[in-house]
Amino acid sequence: MLSRRTLLAALLASVAAPTAAFSPAADTIPLWPMGVPGAGAALPVEQVVERSKVAGHMDRAVSGIAAPRMVVFRPERPDGSAMLICPGGGYRRVVIDREGFEAARWLAVRGVTAFVLFYRLPAEGWTTGADTPLIDAQRAIRTIRARAGAFGLDPARIGVMGFSAGGHLAADLAARFALVAQPPVDAIDNLSARPLLAAPIYPVIAMDGPLAHAGSRERLIGADASAERARAHDPSANVPADAPPHILIHAEDDLAVPPGNSLRLREALKARGIAVETHLFETGGHGFGLAPGKPAGAWPELFIAFARAHGL
């Protein structure tokens, strides 16, 4: 018989599980092994909340990430390609299962080595502020590139995928991969952070006007941010001439992040002459992930076809 105290302890453990619950240490790569830059007076405390309403189907959200890292999903037969996956969560948390591990497993079955990014959240006291997630994403691409030999990867065949606010991060990386947001700390930081291609999935793009997702905007740049600051963190306003090809996925009935966000980025990419493929599904809402069994569930195969066409 379990005591009431034992049951309570088990419940608390499931709500605030330790980092090690995600993956064995051998499958986890710290981004900053010599110390995380940009720390404020106090580090956030990592918290994990299980939100699933379906038995046997995990849906964990992580906040307070003080040790940014990647969890690696290695295929049985790696084809030399890699994808960095940036889960969403409105820059308030990182939705690690539905928009991270599930996509990583799907890619690994198809030969792609997948790296799920646990990135720092910008409103949790980091001195680098709104650029904090971008700094981690840049470092992640560079770390994958630096370790390509160990994973049997072609360092030129590394892409990025992101969902919702993670889609913003993926698009931001594809736009500002060359930004020096902090001084280099080692030789890894001298490698290119440019991805071969980018796949923002129902992404937050706009930081102003009716298209903006209020929660992401507030936590990234502040509710009262100036027009100049909003523009600096809008990927559609910062597309460089050497941006990578993009595939954009959105649902027409997305009420949280309107599909106009993807269309705004598409227009900016087209204006720069950057290859872009866009798929708008009639239904799907927001946060559909892989969307198995639903019309929007066609997008992963569309992504694979796009990735093959562009060398991944």
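Brief remarks on what is shown
- Annotation note: Cβ proximity below 6 Å between a residue of the range 194-223 that is free of Cβ contacts under 8 Å to residues at least 40 places away in the same chain and a residue that is among the small types (Gly, Ala, Ser) (sequence gap 6+ or interchain) occurs for Met207/Ala230; Asp208/Ala230; Ala212/Ala206.
- Every residue from the range 50-74 that is outside any loop (DSSP other than H, G, I, E, B) and without any contact (Cβ under 8 Å) to a residue 40 or more places away in the chain: Glu50, Ala61
- Flag for Leu269 being under 25 Å from Arg120 (Cα atoms), without any contact (Cβ under 8 Å) to a residue 60 or more places away in the chain, hydrophobic (A, V, I, L, M, F, W, C) and in contact with a His (Cβ under 9 Å, 6 or more places away or on another chain): no
- Checking Ser52 against (1) surrounded by 16 or more Cβ atoms within 10 Å (Cβ to Cβ); (2) modelled with pLDDT under 95, the condition it does not meet: (1)
- Some residue of the range 156-171 being more than 25 Å from Phe303 (Cβ to Cβ), buried (at least 20 other Cβ atoms within 10 Å of the Cβ) and in contact with a Leu (Cβ under 8 Å, 6 or more places away or on another chain): no
- Residues considered: Ala114, Ala104. Of these, the only one that is small (Gly, Ala, Ser), out of contact with any Leu (no Cβ under 7 Å at 6 or more places or on another chain), within 25 Å of Ala309 (Cα to Cα) and free of Cβ contacts under 8 Å to residues at least 60 places away in the same chain is Ala104.
- Unmet requirement for Gly293, which otherwise passes all of (1) modelled with pLDDT under 95; (2) surrounded by 15 or more Cβ atoms within 10 Å (Cβ to Cβ): (2)
The values are calculated or read from the model by the stated rules, or taken from the named source; none is laboratory data. As the structure is a prediction and not an experimental result, all values here were calculated from the model. Don't worry about glycine lacking a Cβ; one is built from the backbone with ideal geometry, like all the others, and counts go over all protein chains shown.
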